[in-house]
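Here the structure comes first, spelled out in structure tokens, and everything after it is commentary.
The values are calculated or read from the model by the stated rules, or taken from the named source; none is laboratory data. These numbers were taken from a predicted model, which means no experiment stands behind them. FYI the Cβ positions are ideal-geometry reconstructions off the backbone, even for glycines, and counts take in every protein chain you see.
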């Protein structure tokens, strides 16, 4: 029984570690992309008179929307990957919950048969 736990429990821990590292990498990338989009908005607001003078409101909005497309795609990818990672994590955890008791019952029955039945 201890052998089963020794084999299966590290898989659950490794899966959690991989999930944590995967989400940390995406968070840093998304933050960088949102900062670039925010910089466009800050520049436009800071020089609103110049933007209005040259009738460049539409151009600034197009630039801002283009800068926001990459973070949106990245967040969708992160959401899907995070969902798969959480699903796999729970899959491993529930498999652990299934395998451990079922094998412990099998071992208990075998031990009972050898002690009582002598076979």
Can you give me the number of residues within the stretch 1-12 that are at pLDDT 75 or above and either within 11 Å of residue 96 (Cβ to Cβ) or outside any helix (DSSP H, G or I) (or both)? 4
Kindly indicate whether any position in the stretch 106-115 is assigned to a helix (DSSP H, G or I) and either modelled with pLDDT of 80 or more or surrounded by 15 or more Cβ atoms within 10 Å (Cβ to Cβ) (or both). no
How many residues, within the stretch 70-103, are within 11 Å of the chain's Cα centre (by Cα) and farther than 15 Å from residue 30 by Cα? 7
Does residue 56 satisfy the condition of being touching a residue at least 12 places away in the same chain (Cβ under 8 Å), surrounded by 14 or more Cβ atoms within 10 Å (Cβ to Cβ) and either touching a helix residue (DSSP H, G or I) at 6+ places or on another chain (Cβ under 9 Å) or closer than 30 Å to residue 108 by Cα (or both)? no
